[in-house]
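Report on the following structure.
The values are calculated or read from the model by the stated rules, or taken from the named source; none is laboratory data. Quick caveat: nothing in here was measured; it's all calculated off a predicted structure. Methodologically, a virtual Cβ is constructed for each residue, glycine included, from the backbone with ideal geometry; neighbour enumeration extends over all protein chains shown.
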Amino acid sequence: MPDKEEIIFEIKEIISRISRIDASELEENILIRDELGVDSLMAMEIIATCEKQFDIHIDEGILFEIETIGDFINLVVKIYEQKHGS
């Protein structure tokens, strides 16, 4: 089972691959839509990939609260830990 740092690394790799921005540039305070330019299709691809990678389900209703990369990472980590134990 991956630890929190491994999960964060994987999430950044997924975002990097889909947004075509180097993972090393993905700071947690970066705004996903405004600064990365992630549109709704890219967002759905990121979500679907994370769901498959970590065997979780992300409620689409909560996504409106997500503004930064850090918000998204925290959400995925929280859901992962709730499902798989921390």
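Look through Glu25, Glu67, Glu51, Glu6 and report the one residue that is loosely packed, with under 12 Cβ neighbours inside 10 Å and either within 21 Å of Tyr80 (Cα to Cα) or in contact with a strand residue (DSSP E or B) (Cβ under 7 Å, 6 or more places away or on another chain) (or both).
Numbers: Glu25 fails: either within 21 Å of Tyr80 (Cα to Cα) or in contact with a strand residue (DSSP E or B) (Cβ under 7 Å, 6 or more places away or on another chain) (or both); Glu67 fails: loosely packed, with under 12 Cβ neighbours inside 10 Å; Glu51 fails: loosely packed, with under 12 Cβ neighbours inside 10 Å.
None of the others qualify; the one that does is Glu6.
Only residues that are outside any loop (DSSP other than H, G, I, E, B) and farther than 16 Å from Glu13 by Cα: list them for segment 30-56, please. Before the answer, list the steps.
Going through segment 30-56, the residues outside any loop (DSSP other than H, G, I, E, B) turn out to be 31, 40-54.
Result: Leu31, Ser40, Leu41.
Which of the following residues is modelled with pLDDT under 95 and either among the β-branched types (Val, Ile, Thr) or under 13 Å from the mean Cα position of the chain (by Cα) (or both): Ile62, Ile73?
On the way: Ile73 fails: modelled with pLDDT under 95.
Every option except Ile62 fails the conditions.
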For segment 1-52, name all the residues that are of a type in the set (Asp, Glu), over 13 Å from Val77 (Cβ atoms) and in contact (Cβ under 8 Å) with a residue 12 or more places away in the chain. Glu27, Glu45
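Could you please give the count of residues in segment 22-45 that are β-branched (Val, Ile, Thr) and modelled with pLDDT under 95? Give the derivation first.
Narrowing segment 22-45 to residues β-branched (Val, Ile, Thr): 30, 32, 38.
Applying the additional criterion that residues be modelled with pLDDT under 95 yields 32, 38.
Within segment 22-45, residues that are β-branched (Val, Ile, Thr) and modelled with pLDDT under 95 number 2.
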Considering only residues that are in contact (Cβ under 8 Å) with a residue 24 or more places away in the chain, part of a helix (DSSP H, G or I) and hydrophobic (A, V, I, L, M, F, W, C), which ones fall in segment 57-75? Ile69, Phe72, Ile73
Residue hits (segment 76-86; at negative phi and not in a helix (DSSP H, G or I)) are Ser86
